[in-house]
């Protein structure tokens, strides 16, 4: 099919992982573009199938023409995710890698892309592998004890079983807990900047964004509606909301803007309450602080730190100058610390970013806890194994199924029974 839409200056030579020049032509045989054609012979391709790739110049018109010519010659458009699905079905990648490829495509920051690339290389599967190995070893141990119980062979005491279960449960629980930070990396967060008029909210918004997006004037009430933009803070996408100054509304438009400010404050993952360090604190500052404290996740930011300080607020705050940039790096650190659980910021790809993985891991933890209870109460191993197999199923749903042969091979490879 490729030779019906391409013209080769020399006889085409289809070598595995080889490329050659060709001409993309229209139905009348007229030149449209010079292209590079690469051939990947199965199974050494992304999908483990024979694949021909045509690399055109970046013009949308040329790319569309190439696709239309291929379809007219008998090809069809791929379904969403079809190439990655084929790679998974043919064993080229596992499910965590397939999900990471989707995250890599959707990444909006370099940090997100690095994390997704690490996971696409199998970091999640590698993190789960030793935990699954420990679980399989314990299952094999108990199965062997049941199979040869008539020989009065004691293969595991309750203390030994508990000694194996505790680190296993802790490891799975620790990985599940890492989702709190991983979800931030994948989905980002929303941040509302609130305060009285002229405390420097819009200037701070522009400084965090690193561009002049919001209008800044000395006239109180310049911002009448929500202004939003996405910035990256330590690689995490953050949707910033600059809000209308909080004061008794002067007119319908400003009143509506203030209502939207309160709504943004309620909806945001984190609220920055901005006060003017160069001016005496007012009742509205204290009311906003109390409202933010009641909401939960918030930071107090004192702006205009480059001016003499007159603000009498004793609450702990992050002092910044939106004008000079002083304190902005510390504010970025404080934002991340406020939304990320203590100690959760680890090395790239050492956390999970999929809610599916998190739910499956939590299910595994629940069954491991049941197994620990069974071991404490000296319940027969046959019953304890039910909990262990139930704990193994969610791990298999992430990494792939464990067969009965896997268990049997472990039993007879680790025990010298029958010699």
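The values are calculated or read from the model by the stated rules, or taken from the named source; none is laboratory data. None of the values given here were measured: they were computed from a predicted structure. Positions of Cβ are backbone-derived with ideal geometry, glycine not excepted, and every protein chain shown enters the neighbour counts.
No other residue among 122, 91 is within 29 Å of residue 53 (Cα to Cα) and surrounded by 16 or more Cβ atoms within 10 Å (Cβ to Cβ) apart from 122.
For the structure I just gave you, tell me whether residue 404 is at pLDDT 85 or above and in the same structural domain as residue 173 (by TED's automatic domain parsing). Spelling it out, it is not the case that residue 404 is at pLDDT 85 or above and in the same structural domain as residue 173 (by TED's automatic domain parsing).
Elements of the type helices (runs of 4 or more DSSP H) sitting completely within the stretch 180-299 and holding at least 2 residues that are at pLDDT below 80: these cover 252-267.
Let's see how each residue does on (1) over 30 Å from residue 125 (Cβ atoms); (2) surrounded by fewer than 17 Cβ atoms within 10 Å (Cβ to Cβ):
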site: 267; (1), (2): yes, yes
site: 277; (1), (2): yes, no
site: 283; (1), (2): yes, yes
site: 302; (1), (2): yes, no
site: 311; (1), (2): yes, no
site: 318; (1), (2): yes, no
site: 325; (1), (2): yes, yes
site: 333; (1), (2): yes, yes
site: 367; (1), (2): no, no
